[in-house]
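As structure tokens, the structure follows; a few thoughts come after it.
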Amino acid sequence: MFASRASTRALLSRNAQRARPRRDFTVSTRYCAIEAHRIAQGGNHKASGWSQPKVLAVAIGAGALGWGLASFTGNNDSKKSIWDQPAVPRYATLPEMEKAIRRIESEVGIEGFISTDPEDLLAHGYSEWSTVNPDTLPVAVAYPRTTEQVSAIARICHEHSIPIIPYSGGSSLEGNFSAPYGGISVDFAYMDQIIEFNKDDMDIVVQPSIGWQDLNAKLLKMESGLFFPVDPGK
């Protein structure tokens, strides 16, 4: 009886000793699981540290950086802002233009050199061939005979900020002699001569108002064997 109890107690003691390691393993396993869960929650807590204001601030900063790069890199105009616009030109007023016209007349000294006749202005500012005709007309029409006279017109107009509109054949298929800012029309009707002809080089220098038909007639008369081909639309 005693032996049975002793053996039973020894058996229980041995069973208890055997159970302890298993209990210790279970406790340590639970501790590791709890610790892992705590770390995971801590990581989630850190991840949740990106609050809405912070995200918004980062987005705004990235957008500003992108805009800055787009404004200063990319093409030949990289140093200009995307809102940069060309300045509106400022030209002379009508009284200033009239003053400059009198100065041109005085310097050139040729009677009839400048015309302000309304019909003359209309003929030099409106074309039935053109699809574009502004409401404004040139304030005067000049008729130079020499390069020096053209230079005088250009110099005085430049000093007074007056637009210069060259006029030759007058077809103006694309609004070539329109005068949206007024200015002075320069009609080259008196400048229609051949300046220099180089037959071997097939090169010719002419004044601005010679037409291709007149040019070919002169080349034929010179027995050059050359001609200027038709150039439609010019």
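No lab work stands behind these numbers, since they all come straight from the coordinates. All values reported here derive from a predicted model rather than from experimental measurement. Because the Cβ atoms are built from the backbone with ideal geometry, glycine has one as well, and the counts that use them run over all protein chains shown.
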Can you list residues whose amide H is under 5 Å from Ile165's amide H, if they're 5+ apart or on another chain and H is modeled 1.01 Å from N? Ile184, Ser185, Val186
Whole-Hz couplings from phi, Karplus 6.51/-1.76/1.60, listed for the stretch 151-168; x for Gly and Pro: 5, 5, 4, 5, 5, 5, 5, 5, 5, 9, 6, 10, x, 10, 10, x, 9, 9
For the residues Phe177, Phe188, what sequence is obtained by ranking on other C-beta atoms within 10 Å, fewest first? Phe188, Phe177
